[in-house]
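The values are calculated or read from the model by the stated rules, or taken from the named source; none is laboratory data. As the structure is a computational prediction, the values presented were derived from the model and not from experiment. All Cβ positions, even for glycine, are placed from backbone atoms using ideal geometry, and neighbour counts span all protein chains on display. Just the protein is used for accessible areas: all its heavy atoms, side chains included, with ligands, DNA and RNA removed. Shrake-Rupley method; radii C 1.70, N 1.55, O 1.52, S 1.80 Å.
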Amino acid sequence: MTDRPMRLRRSQLSVPGVSEKMLQKGAASDADHVFLDLEDAVAPSEKRGARKTIVAALNGLDWGRKTRCVRVNDVTTEWCFEDIIEVVEGAGNNIDTIMLTKAMAAADVQFVSLMLDQLEKKLKLARRIGIEVLIEETSGLQNVEAIAAASPRMESLIFGMGDYSASQQMNLRGWGSEGYPGDIFHYPRFRIAMAARAAGLDPVDGPYANFRDEDGYRREAKYAHMLGFVGKWAIHPAQIAPALETFSPTEREVTRARELAAAYDKALSEGLGSVNVNGTMVDAASIRIVMNTVRRADLIGM
Ligand code: COA
Ligand code: MG
């Protein structure tokens, strides 16, 4: 999976596929990644029309350097296959990834991957369209390792905590306060991050519905970031800036990481395996943590 494209996903903005105004706002936003939604933000009566609105927006708007993703309905619905056919036939050269909802098993991902194989051949598309998968069903979490490895198109796993908590019949009364001794989403987040990293994918944290509660958003983003997630969804433009900040290293951290990397390189060239940099020991293990920050800064362009 070494040819997987490296993309920024610090902030992924969800834009309902029915709203031309929001699609324009999404294209002009600072989010790294925008997904145009055909699933829950679109009422059943509007799904067919939304495909056309999304195709027109992908082909007509200037998306800058953003990753352009289309979120499709899940494989148990009557919409999934035509969602994929219509948006890829209509705008295949302007789609970077397809996001599959409510994946339950590797076969769900393979269905999407095989459809993309056929469409890319038929349309002679120059670039491979990637797949991002929402883990938001209990069976999806149980099968997360197989889902992560299901296709070379796989790029990311997203934790969809709303549907997930419904699927497990969790009781979220008291969530975020004194309701549970610990973080109720720790286990699914940890497991998704581990499965994603083991397969070379990006783990991404899902939505936070109360877009006026910035403190709550930042708290959840921070928890995900500490577990290795690369970003979090925004359902409203107000959530973009807090995600960009949370999932970027600070200038100070980047400067420090580059100093440590240079000191370690110098030590190696002198035949030393570990070095003292102002009271901090740097060796083969700790340099891996440092290099994660350096690579992230390079990707962001810091
Ligand atoms: N993408 C792009 N623009 C958005 C946006 C989004 N997700 N959410 C809001 N905006 C725009 C609004 O159109 C509005 O534009 P304006 O100032 O030109 O009028 C501006 O941002 C401020 O929005 P606000 O008035 O605060 O909220 P709203 O009542 O218009 O919208 C929601 C609130 C929740 C309906 C809207 O944010 C939304 O639809 N979010 C996405 C929902 C979604 O995708 N769900 C599925 C994934 S979980
Ligand atoms: Mg969902």
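Couple of notes before you dig in:
- The listed residues are Ala285, Ala234, and the only one of them that is more than 23 Å from the chain's Cα centre (by Cα) and under 28 Å from Ala196 (Cα atoms) turns out to be Ala285.
- Enumeration of residues in region 6-22 that are in contact with a strand residue (DSSP E or B) (Cβ under 6 Å, 6 or more places away or on another chain), within 15 Å of Leu58 (Cβ to Cβ) and either touching a residue at least 60 places away in the same chain (Cβ under 8 Å) or open to solvent by 30 Å² or more (accessible area, probe 1.4 Å) (or both): Leu13, Met22
- For region 235-252, the criterion of being touching a residue at least 40 places away in the same chain (Cβ under 8 Å), out of contact with any helix residue (DSSP H, G or I) (no Cβ under 7 Å at 6 or more places or on another chain) and under 29 Å from Ala106 (Cβ atoms) is met by at least one residue.
- Number of the exception - Arg9 against (1) within 27 Å of Ala148 (Cα to Cα); (2) in a loop (DSSP other than H, G, I, E, B); (3) touching a Gly at 6+ places or on another chain (Cβ under 8 Å); (4) within 14 Å of ligand 1 (Cβ to nearest atom): (4)
- Checked against (1) at pLDDT 95 or above; (2) farther than 16 Å from Arg197 by Cα; (3) away from ligand 1 (no atom under 16 Å from the Cβ), Arg127 meets all criteria but (1).
- Selection of region 23-49 for residues being surrounded by 21 or more Cβ atoms within 10 Å (Cβ to Cβ), among the hydrophobic types (A, V, I, L, M, F, W, C) and away from ligand 2 (no atom under 16 Å from the Cβ) yields Leu23, Ala27, Ala31, Val34.
- Some residue of region 86-100 being in contact (Cβ under 8 Å) with a residue 60 or more places away in the chain, within 12 Å of ligand 1 (Cβ to nearest atom) and in contact with a Leu (Cβ under 6 Å, 6 or more places away or on another chain): no
- In region 159-187, of all residues being within 16 Å of ligand 2 (Cβ to nearest atom) and over 18 Å from Gly216 (Cα atoms), the one that is least open to solvent (accessible area, probe 1.4 Å) corresponds to Tyr164.
- Residue among Lys66, Lys124, Lys52, Lys102 that alone is open to solvent by 10 Å² or more (accessible area, probe 1.4 Å) and out of contact with any helix residue (DSSP H, G or I) (no Cβ under 8 Å at 6 or more places or on another chain): Lys124
- For region 220-229, filtered to residues that are over 22 Å from Gln142 (Cα atoms) and either aliphatic (A, V, I, L, M) or assigned to a loop (DSSP other than H, G, I, E, B) (or both), the residue that is most open to solvent (accessible area, probe 1.4 Å) is Met226.
- Residue that is nearest to Ala148 (Cα to Cα) [pool: residues in region 76-91 that are crowded, with 21+ Cβ neighbours inside 10 Å and either away from ligand 2 (no atom under 16 Å from the Cβ) or of a type in the set (S, T, N, Q) (or both)]: Ile84
- Among residues of region 197-219 being surrounded by 14 or more Cβ atoms within 10 Å (Cβ to Cβ) and among the aliphatic types (A, V, I, L, M), the one that is nearest to ligand 2 (Cβ to nearest atom) is Val204.
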